[in-house]
Each structure stands twice: as C-alpha cells, then as structure tokens.
Amino acid sequence: MLRREFLKKSTYLGTCAIIASQCPAVFGANAKPQPSHSSAIQSSFLGWQGVTDNIDPHFEPWQGELPVQLQGMTFFRNGPGMQERAGQRYSHWFDGDGFVNQFKFSQHGVTHQGKFTQTQKFVEESKAGRFLYNGAGSIITNAKPAKNTQVFNTANTALLPMAGELWAMWEAGTPYRLDQETLATKGQVDFGSELNGVPFSAHPHADSDGTIWNFGDISFTGKPCIVVYQLTAQGGIKRYKLLPLPHHSYIHDFAVTEQYLIFYLPPMLQQLGETYIERFKWQKQLGSRVLVVDKHSLQVVNQMELEAGFVFHFGNSWQQNNELVVNLCLYPDATVMTDVMANIDNHQNRIAHEPAKAAQLRLNLVTNKVSINWAEPYMEFLQFDKRFAAKSSALQYGVGISKNNPHKEFNAITRLNTQSGQSQSYSFGDTAHVEEPLFIAKTNSNREGQGYIINTWLDYGSAKSGVAVFDAEKIGQGPLASMQLPYHLPLGFHGAIV
Amino acid sequence: MFKKLVFTSAFAISSLAAQAAELTVDIAGITQLEGDIYVVLYDSVSAMESNKATLAYKGAVTKLQTTVTFSDLSAGDYAILAYQDLDNNQKLNRNMIGIPNEPYGFSNNPRLMGPPSFDKLRFAVGDVDHTIQISID
C-alpha cells in the first residue's frame with residue numbers, strides 16, 4: 001500500500017523527471033575564484049584548514065586512567081578533511097571531503113589514524129588534481145555540471161556502525177560503507193536503484209524495536225518533500241515514503257518518540273542563488289513549523305506554528321500525556337549556516353554570531369500549541385543516555401561555552417539537567433574548539449546519566465588535537481583520561497563508538 | 001511516439017525537411033562500453049515539454065567517443081538530450097525523485113539552476129553544417 005502511494009507520488013515527481021534531474025545543478029553556476037589561504041591565517045582557523053593526506057597510525061599514551069569498560073573500544077569521528085586543491089579553497093565548512101578519524105582505545109593509550117573516504121568525488125578530483133564540482137555552499141572555478149548529488153557526495157558528516165561496517169553519511173546522497181578496522185572504503189550502500197542517490201540524512205535514529213528511522217530532504221528538486229525511511233537493524237530498507245512539506249525548508253535532523261517522528265521546519269524558502277546554501281532565504285516573519293508524523297501511517301497528524309528559529313540537532317524527545325517534549329539546540333536565526341559556516345574563514349563572523357542554546361519545545365497534540373523553554377547554556381551537538389530514548393529524561397550533554405570565554409565559540413563540555421535547569425561544564429581553555437561528546441552507559445548501571453562522556457577537542461593554541469573521557473556525572477571535575485596528539489586534526493561533525 | 005522516431009540501424013537520420021544543414025553531435029564522457037547511446041532532439045519548447053522528439057538516434061556503444069549526425073536539418077533552434085542506456089531497457093533510469101542514475105547530458109552542457117528549459121539548451125542551426133559537443137559524464 002505504501003509502495004503504491006509512493007509510486008503515485010513518484011509519478012508526480014516524474015513529470016519533471018529530467019527537470020528534477022537538473023536540480024543538483026543548482027550547485028553549479030558561474031564560477032568565481034576563491035582566494036587561497038596561505039598566509040595570515042589566524043590560529044583559530046586551524047581547525048578548518050583541512051588535511052591533504054591520510055594519517056598513519058600513531059600511538060599516544062593516556063594521561064590519567066581509562067575505565068576498564070572502555071578499553072578495547074574504538075571511537076570514530078567524521079568531518080570535512082580536504083578543503084583546498086590546486087589553490088582553490090572551499091568557503092563553506094560543509095564542503096570538505098570526508099575524512100574519518102579512528103581512535104583505538106587500549107589500557108595504556110590511543111592509536112589514532114585518519115583516512116579520506118574514497119567517494120566518487122574524491123577519487124575523480126584526486127585524479128584531476130583539482131576540485132571539479134561546486135560544493136553545497138562553495139563555488140569553484142570551471143565547475144563541471146553536477147548530474148546528480150552523488151557525484152559530489154563528500155560523505156563527511158556522520159557515522160553509523162552497521163552490520164560490522166561503518167556508514168559514512170552526508171545528507172543529500174547515499175552513504176558509503178567503510179571497513180571499521182582499516183577505514184577502507186567498500187563502496188556505496190545499496191538501497192536499490194529507486195533510492196540510489198536519494199538524499200539520506202546524516203542523522204538516522206534507532207527505535208526501541210531495533211529498526212532505524214531516517215529522512216532525506218529533497219526540497220532542492222523544487223518540490224518541497226522529504227523521503228521518510230525505516231530501515232531494518234541490518235540496514236536494509238523496510239519501507240519508505242515521500243512526504244510533502246508545507247513549504248521549502250532546510251531540515252538536518254529530527255526527533256523520534258514512541259509514536260511519532262518530529263520535523264522542525266525553519267522559515268527558509270527557496271530563492272535564486274548560485275549554490276544550494278545560497279538558495280535558502282530566511283524569512284523570519286513566516287515563523288517556524290513543526291510536523292508531527294505518525295510512525296505507523298507515516299502521515300502528518302499535527303502541524304504547528306511557532307516563532308521563527310533554526311535547528312540543526314535534537315536531543316531526547318518523548319510523549320507526556322498530550323504533549324511531546326522535544327529537546328533541541330535552537331538558534332534565533334539561520335546565520336550559522338548561511339553566513340558563519342558559509343564564510344568559515346571569517347573570524348569575526350564566527351565569534352560574533354549568536355550560537356545555539358539548549359531549548360525544550362512542548363508540542364500540545366490537542367491544542368496544536370507550542371511552548372518554548374529556553375535553557376541558559378549555549379549548547380550544540382546534543383547527546384543523551386540512549387537507554388532513555390523516547391522516555392522522560394532530564395540530562396542532555398553537548399558542547400558548551402565556558403563562562404569566562406571571551407569568544408562565543410564552543411570550548412567546553414556541558415551537562416544540562418533540563419528539570420532543575422542546572423548545568424555543569426568543563427572548559428578546555430580559551431584556545432579550544434570542542435567537538436561532539438558521545439555518551440556511553442556504564443555497564444551494570446541503570447540510573448540515567450551513569451556513564452562516560454567521550455569527546456575530541458582541538459587546542460589551536462598548541463596546534464594539538466586530543467581525546468578526553470569523563471565520568472558523565474562528574475564532568476566539572478575534568479577528564480578521567482585524556483591524551484593529546486602531537487599534531488592537529490580538522491574539526492569534524494559527528495562520531496560513533498564501537 | 002518517441003520509439004517510432006528511433007532508427008536502430010541508422011547512424012544518420014534524415015528528416016523530411018527539404019534543405020538545410022547537417023548537425024554533428026560529438027558525445028564525450030563515455031566511460032563504459034555498454035548499452036546504447038540515445039540522442040534526442042527537440043525543436044521547440046512545447047516539443048521538449050511534452051517529450052515529443054523531433055528526431056532521435058540510438059546506437060550501440062562501441063567506443064568512448066561517439067559522433068552522431070543529423071542530416072538535412074531545417075534551420076532553426078534545437079535542444080538535445082543525450083543519454084546512455086546501460087542496461088538496455090530502452091529508457092533513462094531514474095531514482096524515485098527523478099534523478100537519472102545512468103549517464104546523461106544536454107546541449108550547451110549547462111550548469112542549470114533549475115529545470116532544463118529549452119532556452120538553456122537551445123542552439124541554432126542555420127544553412128551551414130554545425131557541430132556541438134555534449135558530455136554525458
């Protein structure tokens with residue numbers, strides 16, 4: 001039934017089959033050269049300079065003591081690596097080719113290695129010795145027309161451990177499969193010809209039954225729609241459906257409760273622009289919308305309006321009587337994507353914009369009203385104790401900003417209790433850029449928050465990247481174990497631990 | 001309609017027009033020696049929008065560069081879609097959102113900002129022979 005419904009929608013889109021096929025070409029337009037950064041790069045830009053080669057295995061001992069439970073585990077991080085070729089530099093942080101860092105934990109230390117994911121784009125451009133395609137937010141000289149999104153899929157955003165492999169995900173194409181041990185690229189995930197190259201977001205979420213939910217935003221085709229996916233625990237397609245949106249928007253992540261999928265649509269309508277990012281027009285006066293989708297029927301059952309805001313990431317969310325409680329990192333507007341990340345070498349932009357704050361939405365399913373409770377701390381890359389996924393919980397973890405930091409850049413790990421409003425943080429210093437923390441529950445524990453927090457950070461002052469491990473209940477006391485590499489790594493987005 | 005215009009054995013296709021030039025289309029960017037190349041020519045906005053080919057060519061892919069000639073073409077404006085049918089199912093395969101997953105290209109090799117309008121693909125054929133190149137990679 002779903003398939004038939006789906007095909008009906010496909011036909012609708014099929015009327016612009018070739019038309020849709022050209023939409024990726026929105027990423028291409030009149031090229032304008034980007035200046036190369038070779039000098040006068042402020043040290044705080046270090047994390048966005050990029051790398052040019054794989055990094056061979058290097059061992060570095062722990063400072064402190066790694067908990068026994070974590071010994072033998074492997075921590076992975078994904079992010080944009082290659083930012084410059086043949087004197088041309090990407091202007092948008094989103095656009096660097098995917099580079100995966102692997103940190104193998106032993107009792108005594110960490111063995112790190114890093115590799116570029118061998119995407120079609122990376123292989124083709126490596127052979128050419130230059131960038132060939134415009135990125136989502138960057139324009140390069142003499143760009144080739146992009147015939148589909150997969151040709152410039154950088155696989156640079158997130159990682160999903162799957163059936164013994166690792167999926168390297170982007171948000172507008174099909175993921176790539178990596179070998180967990182060697183990081184060798186094993187090819188694209190095979191979702192079948194109907195789904196090959198169809199956007200698949202970098203934020204799939206596991207359900208309590210083991211299945212995995214995800215979506216792909218295909219609004220760039222000119223038809224404001226998302227594809228909703230439900231995958232088996234082994235990564236096969238269980239079902240998928242095309243879901244029309246009330247308007248064009250940008251959706252990066254979503255929330256999952258026991259009964260619903262929740263999508264937040266910032267007011268970002270379509271406009272003409274040379275790149276994908278330039279085509280989003282922030283229209284504050286329209287406000288934001290939230291769509292509540294029933295997981296069984298995959299139908300929108302509630303649509304709510306609220307004040308304008310912008311979201312990348314969600315934390316834990318659950319249903320409480322007639323309300324859905326949604327944790328998220330909320331920005332007052334979209335400048336983080338359209339301006340700050342779009343001109344990542346602009347130091348002033350980076351330190352002056354208003355970062356995300358932890359917030360909690362309450363969506364009333366009866367009245368269709370939304371209330372927003374803003375929390376005090378700036379927070380991004382929310383994580384939580386997954387044993388409490390879709391259940392009432394109090395604790396959210398993320399990157400934060402220390403109180404004495406002169407810049408509004410994330411330099412701390414923060415733990416927020418959304419019930420009490422209290423938070424605790426650990427600062428990595430004024431010259432730190434701190435990355436997404438992952439929560440690992442302690443074995444033989446059952447209380448929410450009993451676990452470990454693991455994160456990477458870059459100290460651009462000393463040009464070293466490191467890994468820190470905290471007791472999740474004692475973040476303020478500093479890491480239980482940490483290590484700093486004698487070199488730095490590019491700042492990334494999301495990670496996974498196996 | 002479209003299939004009727006496909007002459008599988010013919011390399012060059014002659015229209016019924018009384019006069020005018022020969023159009024040579026160089027197809028570049030072929031990376032796989034498989035299937036067939038289709039070159040579909042439209043002579044107007046309406047023809048393209050309704051997918052009514054004015055002329056079409058189909059030929060087996062035997063080398064990495066193919067040249068297709070349309071003879072006695074009437075003077076006027078045209079647009080071309082070229083694609084490689086790798087699996088010989090006589091169509092351009094697309095995923096569920098309409099994006100082709102077989103090699104294809106358009107006249108003018110445009111980096112388009114939206115739908116491939118006739119205008120963006122348009123090129124003129126006059127009284128003299130004319131050659132264009134389309135990359136399908």
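The values are calculated or read from the model by the stated rules, or taken from the named source; none is laboratory data. In this text, all values refer to a predicted model and were calculated from it rather than measured experimentally. Here the Cβ positions follow ideal geometry from the backbone for every residue, glycine too, while neighbour counts run over all protein chains shown. All accessible areas refer to the heavy atoms of the entire protein, side chains included, with ligands and DNA or RNA removed. Shrake-Rupley method; radii C 1.70, N 1.55, O 1.52, S 1.80 Å.
Could you run through region A:94-127 and say how many residues are more than 29 Å from A:VAL469 (Cα to Cα) and surrounded by 24 or more Cβ atoms within 10 Å (Cβ to Cβ)? Let's see the steps before the verdict.
Going residue by residue through region A:94-127, those that are more than 29 Å from A:VAL469 (Cα to Cα) are A:95, A:118-127.
After this cut, where a residue has to be surrounded by 24 or more Cβ atoms within 10 Å (Cβ to Cβ) as well, the list is A:95, A:119, A:121.
Counting residues in region A:94-127 that are more than 29 Å from A:VAL469 (Cα to Cα) and surrounded by 24 or more Cβ atoms within 10 Å (Cβ to Cβ) gives 3.
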- Item | Among (1) within 16 Å of the chain's Cα centre (by Cα); (2) open to solvent by 10 Å² or more (accessible area, probe 1.4 Å); (3) within 24 Å of A:PHE384 (Cβ to Cβ), the one test that A:THR211 misses | (1)
- Task: Working only within region B:75-133, note down all residues that are within 7 Å of another protein chain (Cβ to nearest Cβ), surrounded by fewer than 19 Cβ atoms within 10 Å (Cβ to Cβ) and farther than 24 Å from A:GLU274 by Cβ.
- Result: B:ASN93
- Query: Would a scan of region A:382-399 turn up a residue that is of a type in the set (S, T, N, Q) and without any contact (Cβ under 8 Å) to a residue 40 or more places away in the chain?
  - Reply: no
- By residue number, the members of region A:477-498 that are in contact with a Gly (Cβ under 7 Å, 6 or more places away or on another chain) and not polar (S, T, N, Q) are A:PRO479, A:LEU480, A:ALA481, A:MET483, A:LEU485, A:LEU489, A:PRO490, A:LEU491, A:GLY492, A:PHE493
- Task: Find the residue count for region A:213-230, including only residues that are closer than 13 Å to A:HIS248 by Cα, part of a strand (DSSP E or B) and more than 10 Å from chain B (Cβ to nearest Cβ).
- Result: 2
- Checking A:ALA172, A:ALA143, A:ALA158, A:ALA168 in turn, the sole residue that is over 22 Å from A:LYS464 (Cα atoms), within 15 Å of the chain's Cα centre (by Cα), within 14 Å of chain B (Cβ to nearest Cβ) and hydrophobic (A, V, I, L, M, F, W, C) turns out to be A:ALA172
- Query: When A:ALA233 is evaluated against the numbered criteria (1) within 18 Å of the chain's Cα centre (by Cα); (2) within 18 Å of A:PRO204 (Cβ to Cβ); (3) more than 13 Å from every other protein chain (Cβ to nearest Cβ), which criterion, by number, is the only one it fails?
  - Reply: (1)
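May I ask you to verify whether B:VAL39 is open to solvent by 70 Å² or more (accessible area, probe 1.4 Å) and of a type in the set (Val, Ile, Thr)?
Details: open to solvent by 70 Å² or more (accessible area, probe 1.4 Å): no; of a type in the set (Val, Ile, Thr): yes.
Criteria not met by B:VAL39.
Return yes when A:PRO406 is without any contact (Cβ under 8 Å) to a residue 40 or more places away in the chain and assigned to a loop (DSSP other than H, G, I, E, B) and no when it is not. Can you show your working first?
Values: without any contact (Cβ under 8 Å) to a residue 40 or more places away in the chain: yes; assigned to a loop (DSSP other than H, G, I, E, B): yes.
The answer is yes for A:PRO406.
May I ask you to verify whether A:SER91 is away from chain B (no Cβ under 14 Å), part of a helix (DSSP H, G or I) and either open to solvent by 10 Å² or more (accessible area, probe 1.4 Å) or not basic (Lys, Arg) (or both)?
Values: away from chain B (no Cβ under 14 Å): yes; part of a helix (DSSP H, G or I): no; either open to solvent by 10 Å² or more (accessible area, probe 1.4 Å) or not basic (Lys, Arg) (or both): yes.
Spelling it out, it is not the case that A:SER91 is away from chain B (no Cβ under 14 Å), part of a helix (DSSP H, G or I) and either open to solvent by 10 Å² or more (accessible area, probe 1.4 Å) or not basic (Lys, Arg) (or both).
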- Query: Do we have any residue at all in region A:414-428 that's at pLDDT 95 or above, in contact with a Phe, Trp or Tyr (Cβ under 8 Å, 6 or more places away or on another chain) and open to solvent by less than 10 Å² (accessible area, probe 1.4 Å)?
  - Reply: yes
- All but one of (1) assigned to a loop (DSSP other than H, G, I, E, B); (2) at pLDDT below 95 hold for A:SER445; which doesn't? (2)
- Any idea which of (1) among the hydroxyl-bearing types (Ser, Thr, Tyr); (2) crowded, with 17+ Cβ neighbours inside 10 Å; (3) over 29 Å from A:GLN259 (Cβ atoms) is the one A:TYR487 doesn't satisfy? (2)
- Which residues, counting only those in region A:175-191, are open to solvent by 30 Å² or more (accessible area, probe 1.4 Å) and within 14 Å of chain B (Cβ to nearest Cβ)? A:GLN188, A:ASP190
- Message: Considering only residues that are surrounded by fewer than 21 Cβ atoms within 10 Å (Cβ to Cβ) and under 18 Å from A:VAL293 (Cα atoms), which ones fall in region A:324-340?
- Response: A:VAL325
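Within region A:111-208, considering only strands (runs of 3 or more DSSP E) that don't extend past its boundaries, which have at least 1 residues that are charged (D, E, K, R) and either within 23 Å of A:TYR229 (Cβ to Cβ) or modelled with pLDDT of 95 or more (or both)? Show your work before the answer.
Details: elements: A:158-162, A:165-169, A:176-179, A:185-188.
Where strands (runs of 3 or more DSSP E) fall fully within region A:111-208 and carry at least 1 residues being charged (D, E, K, R) and either within 23 Å of A:TYR229 (Cβ to Cβ) or modelled with pLDDT of 95 or more (or both), they are A:165-169, A:176-179, A:185-188.
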- Task: Output the number of residues of region A:343-370 satisfying the condition of being open to solvent by less than 50 Å² (accessible area, probe 1.4 Å) and either among the hydroxyl-bearing types (Ser, Thr, Tyr) or over 19 Å from A:LEU46 (Cβ atoms) (or both).
- Result: 12
- Of the listed residues (B:THR69, B:THR31, B:THR24, B:THR54), the one being more than 11 Å from every other protein chain (Cβ to nearest Cβ) and either within 26 Å of A:SER219 (Cα to Cα) or open to solvent by 30 Å² or more (accessible area, probe 1.4 Å) (or both) is B:THR54
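Which one of A:PHE439, A:PHE470, A:PHE493 is closer than 13 Å to A:PHE428 by Cβ, crowded, with 19+ Cβ neighbours inside 10 Å and under 25 Å from the mean Cα position of the chain (by Cα)? Can you show your working first?
Values: A:PHE439 fails: closer than 13 Å to A:PHE428 by Cβ; A:PHE493 fails: closer than 13 Å to A:PHE428 by Cβ.
Every option except A:PHE470 fails the conditions.
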